[in-house]
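Okay, structure first, notes after.
The values are calculated or read from the model by the stated rules, or taken from the named source; none is laboratory data. The model shown is predicted, which means the values in this text are computed figures rather than measured ones. Counting neighbours? That spans all protein chains shown, and the Cβs are built from the backbone with ideal geometry, glycine included.
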Amino acid sequence: MQKLLAAINARQPPGAPAFKLKSIPQGAATTVWAAIVAPAELVGGKYCEDCHVAELVDAGLETPGGVRPYALDPARAQALWAKSEEMVGERF
């Protein structure tokens, strides 16, 4: 794990804070927020992070946070679903 964290931090932009893993409560907070606190019409079908709906970010992986346009592409979602069914040998 230390090697992974070192590699991630080596790629951080200059002046950016060091990447740290979240605690279990921190990791669960967004799921709890989306399930119990946030209005369903705000979070339904959306990508959420850090207790809010993520903003659309048209940037590379070097930009932390946000959701990339390709993750919201219906054609890619359909292709992923089809590949998943193929890999597990089941149709849902």
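Listed values, structure above:
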quantity: Candidate set: the range 36-69, residues that are modelled with pLDDT under 90 and of a type outside the set (A, V, I, L, M); chosen: the one surrounded by the most Cβ atoms within 10 Å (Cβ to Cβ); calculated: 64
quantity: Yes/no for residue 25 being touching a residue at least 40 places away in the same chain (Cβ under 8 Å) and loosely packed, with under 10 Cβ neighbours inside 10 Å; calculated: no
quantity: Out of 7, 34, 29, sole residue that is assigned to a helix (DSSP H, G or I) and closer than 22 Å to residue 77 by Cβ; calculated: 34
quantity: Residue match in the range 54-77 (condition: among the hydrophobic types (A, V, I, L, M, F, W, C), free of Cβ contacts under 8 Å to residues at least 12 places away in the same chain, outside any loop (DSSP other than H, G, I, E, B) and within 30 Å of residue 92 (Cβ to Cβ)); calculated: yes
quantity: From the options 76, 68, residue that is over 13 Å from the mean Cα position of the chain (by Cα) and either within 30 Å of residue 14 (Cα to Cα) or basic (Lys, Arg) (or both); calculated: 76
